[in-house]
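Take a look at the structure below.
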Amino acid sequence: MTRAVLADDSVLLRSGLALLLQRHGITVVAEVGDGEQLLAAVAQHQPDIAIVDIRMPPSFTVEGVRAALAVRRRHPGVAVLLLSQHLEHREALALLQKPGGGVGYLLKDRITDVARFLRDVREVAAAGTAIDPIVVERLLRRPRVSGGVGMLSPREREILARMAAGRTNLGTAADLHLSERTVETHVRSIFAKLGLVDEPDTHRRVLAVLTFLSD
């Protein structure tokens, strides 16, 4: 069973999220309102995942991201999902670049499907990734070097953005009005351009996203 710590300064939002998660089989072991409390709760409970707002006391800027980074440094086995109303890519990028998966960044206002949100929580808790396509698109605007991700076509970047959001090939095909076979062809091309070979102990979709974020 997935165990979670919630960190958000809004008591109503935090309590509502806790009820939602627990109703669907995700145990909330602690609810906290700032970064220091988050670190203490993670140390005490060793959850599978910490779900963290970006802006928390005292300055309501990036305390949540910095606390999340501290969680990953001190407890690398704990997954971290940023859940925020704010698009703060500069600080969040340091978290998303951490190796090993178990990271995510979703925007509260863009969550319209509860079942999908719950899948994203479980995916991140299981060392996967779940990143809102808007976040990926913002990051894609950064200047790119000529190799690696810079070699991807615009269509391949669209597909990589959805890969980062946790979409399957079938879901991506529906989003972009393509056939699933066409998406599979693009995915193979992405793997090839990023130098990701098919090995039994690797997850190439996760590695593709992390390669993009690290580029």
- Note on the structure: Summing +1 per Lys or Arg and -1 per Asp or Glu among the other residues with Cβ less than 13 Å from LEU170's Cβ gives 0
- Message: Can you give me the solvent accessible area of SER179 with a 1.4 Å probe, rounded to the nearest 10 Å²?
- Response: 60 Å²
- Residues with amide H under 5 Å from that of THR2, placed H, sequence gap 5 or more: THR27
- Item | LEU19 - accessible surface, heavy atoms, 1.4 Å probe, Å² rounded to 10 | 110 Å²
- Query: For GLU123, GLU36, GLU156, GLU63, what's the largest-to-smallest order of accessible area, 1.4 Å probe?
  - Reply: GLU36, GLU123, GLU63, GLU156
- Note on the structure: Distance in nm between THR61 and ARG74 label points, each 7 Å along Cα→Cβ, equals 2.2 nm
- Message: Give me the dipole magnitude in Debye, nearest 20, for segment 1-82 about the Cα centre, with unit charges on the beta carbon: positive for Lys and Arg, negative for Asp and Glu.
- Response: 260 debye
- Amide H within-cut-off set for ALA126, under 5 Å, with H built and near neighbours excluded: none
- Stretched fully, the stretch from GLN22 through GLN46 gains (0.36 nm per residue minus C-alpha distance, one decimal, in nm) 6.9 nm
- Which distance in nm do the two modelled labels at MET1 and THR185 give, with both placed 7 Å along the Cα-to-Cβ direction? 4.8 nm
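The values are calculated or read from the model by the stated rules, or taken from the named source; none is laboratory data. These figures come from a predicted structure and were not determined experimentally. For neighbour counting, all protein chains shown are included, and Cβ atoms are generated from backbone atoms with ideal geometry for every residue, glycine included. Side chains included, ligands, DNA and RNA excluded: accessible areas come from the protein's heavy atoms. Shrake-Rupley method; radii C 1.70, N 1.55, O 1.52, S 1.80 Å.
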